[in-house]
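Readers should treat all values here as calculations from the given coordinates under stated rules, not as data from a laboratory. Bear in mind the structure is a predicted one, so any value in this text is a computation, not a measurement. All Cβ positions, even for glycine, are placed from backbone atoms using ideal geometry, and neighbour counts span all protein chains on display.
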Amino acid sequence: MVLEPMSQETLEVVEEPGLDERAEKIVDVAMRLAEQGGFQAVRLRDVAAQSGVALGTLYVRFRSKEDILVAALEREVLVFEELLQQFEVPGETPLERLRHFFTISTQALFMRPNFAQAVLRSMASGVPEIAEKIARYQGRITHMIVEMMRGGVVGEGEETEEESYVAFLMQQIWFAALIGWMGGLLDEDGVVEHVSRACGLLLLGMRAGGVEGGGEGA
């Protein structure tokens, strides 16, 4: 299976309705447990008990703990996206804006390292039922990256196929660097530096190909 970036139209089609009150509570409890003890601490019986729901009720809404944790990540990225819509990300060039974007994105994730490791492990698990949630998450990150390449304001304009694919590649490199952090190969600064250097090279390629998102001073 080849991963491909999601178009805005596809993202809108697969948009999932907001979580109901019980599902929100389940996600809250799972996040708290993950923050306290990482992936292994998120036991479905404990999540159900602390959420005040029957285990069967939990399974109606989520198929696995990976499903719950990726739902938590989806919810977090929605909040992050709303914040970025209120502020223009600083930077005179696409590369400066992208570096700032990946810096604050990485910092936000690493503020809760146990939770970060839990959601990264869930995303890399290969559990089939979470594929759609991961695709939505990746789609949102990809669209935010395109906006950084264009001007630093989220929610404006439609990207080209080339912009979308380059942004998708940047996101995949960031994810690989995060997995490197999880394995002890990179620290927070190393993650940002790794993805920033890759972004610089990809932007140079866009400029060489005459793609608008490459921008001046990339």
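Under the shape rule built on the C-alpha gyration tensor, where the axes satisfy a ≥ b ≥ c, segment 31-89 is prolate, since a/c reaches at least 1.5 and a/b is greater than b/c.
Rounded to the nearest whole angstrom, the semi-axes of the ellipsoid equivalent to segment 63-172, taken from the Cα gyration tensor as √(5λ), stand at 25, 16, 12, largest first.
Could you estimate the translational diffusion coefficient of segment 72-120 from the Stokes-Einstein equation, with Rh from the Kirkwood formula over C-alpha pairs, at 25 °C and 0.890 mPa s, in whole µm²/s? D = 208 µm²/s.
Within 11 Å, Cβ to Cβ, of ASP67, how many net charges do the neighbouring residues add up to if Lys/Arg are +1 and Asp/Glu are -1? Residues close to ASP67 contribute a combined charge of 0. Shape class of segment 163-202 from the Cα gyration tensor (axes a ≥ b ≥ c, square roots of the eigenvalues): oblate, since a/c reaches 1.5 or more and a/b does not exceed b/c.
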